[in-house]
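> Would you mind keeping the following structure in view while I ask a few things?
Coordinate-derived values only; no laboratory data. Quick caveat, the model's predicted, so the values are computed rather than measured. Methodologically, a virtual Cβ is constructed for each residue, glycine included, from the backbone with ideal geometry; neighbour enumeration extends over all protein chains shown.
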């Protein structure tokens, strides 16, 4: 623990992965675990004494939680998220809260009200987003595990950009209780780790029905670790034609096709498939997610928590608090969503998007009748530079073209490292049937064992 | 489709106060985004049901029995202003008719 904290103190000022490090508390807890280890090493819970970092949109009792926003600056939650309870029960020690795009809205962590996080592989570049802090913390070797959240790619894309593993479980697999909501039909919490086995371990701890989140599925949680070693002999993998067209950087295409070839060499059958509606996924997502966000963020009004701008009357308090507390991207999305839901536009925008969402889900269902996994790039490019895409919102949104369809369909997906271009990490995405994380993790693990991308480390800066 | 008056209306619905510069900037950005999103209209969704939820759960209910709540004091301790067990806010004064 001391080593981890020292490393963070030396290296994190250059990266800003952490918004907060709970060093004192972590050291105390570590000492208690040392003690228990000395007394009873055989009967410790699975994560005993291991440090974990949490994205700062996860509520932690007694530890300030900001969602990367000024509107919650200084707010201390009175409760722990369910995933936090489960990590603590498993013995993990919370080392700190990591940086994110404000309210998880972004693809680069540049929308954080507290400054961006930098990519450990190249500090002039973004770590991805919105879980950029968590991905950077794992890539920089601060912690072996971190939690992120994924609404349109916010675990997978930063994991890809930082050369680590990022898993988004099936919608309903992990409880969202205590996750500060962005888009309630799309959000999921998941692990960011060095290896697929670690992700499997963590998923087993986090997953399962929670009476406090009625969208969690009442399904048994498989032993994901036990399912890792099956290999991929006979596993059918589909590559969607639409995901390998224009807009995909040449080096990324090469690395991702290379991953497909490696899996073929390991015994998988690799075929081309079609997902014709994914070309429409971006507008579908940005209408549904922003609509849901406009509702979820209506609660930030200066009344119950966080920032309040003193005002003469209630209405002014609402508008001035929200003006001062929200950043530009959040305001933009709230307005887009409010518009899409407003009278006269609801049918043409929100409802239309919900119908297209059904078509996208059907595309995946059709695909999974003939394949067991879909393989796609995680991102169209290698990590871009800070400031490169902040001028035009649409340019930033396009960074998520390959991750967004998966959230719309509610499916599980993992990003694993599959190569480098100019020293910058490239991720490949494996997508499975609903609740079939076992197959997703098995294929990812098999690929990882046959390669060494996951052993590479960024040049040490400290 | 989206002009300055619409942006003003939407901002009022969303309880957001905007500066003139913000209004102009967001009008342009929202117009550009919505122009891009118009591609959805080219898809025929006549006979397609909207996706209400992805997990197809039905009627997740529980017995109407009180369970544990957050402790009131802890919640109010984190509030900007509280008094006598209530969240305290400035007076409601009708400064304009509600939208």
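> Can you sort A:155, A:180 by how many other beta carbons sit within 10 Å, fewest first? List each step's numbers first, then the result.
Numbers: A:155 33, A:180 26.
Listed from fewest to most nearby Cβ atoms, that is A:180, A:155.
> Still on this model: Based only on other Cβ atoms within 10 Å, what is the fewest-to-most ordering of B:89, A:371, A:174? Please report the intermediate quantities before stating the final value.
Details: B:89 19, A:371 22, A:174 32.
Fewest-to-most ranking of B:89, A:371, A:174: B:89, A:371, A:174.
> Taking R0 as 35 Å, what FRET efficiency do you get between residue A:351 and residue A:225 from their Cβ-Cβ distance, rounded to the nearest 0.05?
Efficiency at R0 = 35 Å is approximately 0.25.
> How do A:418, A:162, B:69, A:59 rank when sorted from fewest to most other Cβ atoms within 10 Å of their own Cβ?
Going from least to most buried by this count: B:69, A:59, A:418, A:162.
> Normalise the Debye intensity by I(0) for region A:79-217, one equal point scatterer per Cα, no solvent, then take log10 at q = 0.13, 0.14, 0.17, 0.18 Å⁻¹ and round to two decimals.
-0.48, -0.56, -0.84, -0.94
> Taking only C-alpha pairs under 8 Å that are 6+ residues apart, what is the relative contact order of chain A in percent?
The normalised contact order for chain A reaches 18 percent.
> Modelling each spin label as a point 7 Å along the Cα-to-Cβ direction, I'd like the residue B:88/residue A:452 distance in nm, to one decimal.
Spacing of the two 7 Å Cα→Cβ label points: 6.6 nm.
> Treat region A:218-308 as a sphere of radius equal to its Kirkwood radius over Cα pairs and apply Stokes-Einstein at 25 °C in a medium of 0.890 mPa s; give the translational diffusion coefficient in µm²/s, rounded to a whole number.
The calculation lands on 138 µm²/s.
> Per the helix-only calculation at 222 nm, which mean residue ellipticity applies to chain A, given -39500 (n - 2.57) for every DSSP H run of n ≥ 4 and division by its residues, nearest 500 deg cm²/dmol?
Taking each H run of at least 4 residues, the total per residue is -11000 deg cm²/dmol.
> Let me ask something else. Beyond 34 Å, what share of the Cα-Cα pairs of chain A remains, rounded to the nearest whole percent?
28 percent
> Over chain B, one equal point on each Cα, no solvent: what is log10 I(q)/I(0) by the Debye formula at q = 0.12, 0.17, 0.18, 0.22 Å⁻¹?
-0.92, -0.99, -0.99, -1.10
> Taking every pair of distinct Cα atoms and averaging 1/r, then inverting, what Kirkwood hydrodynamic radius in Å comes out for region A:1-153?
Mean inverse Cα-Cα distance, inverted, gives 15.5 Å.
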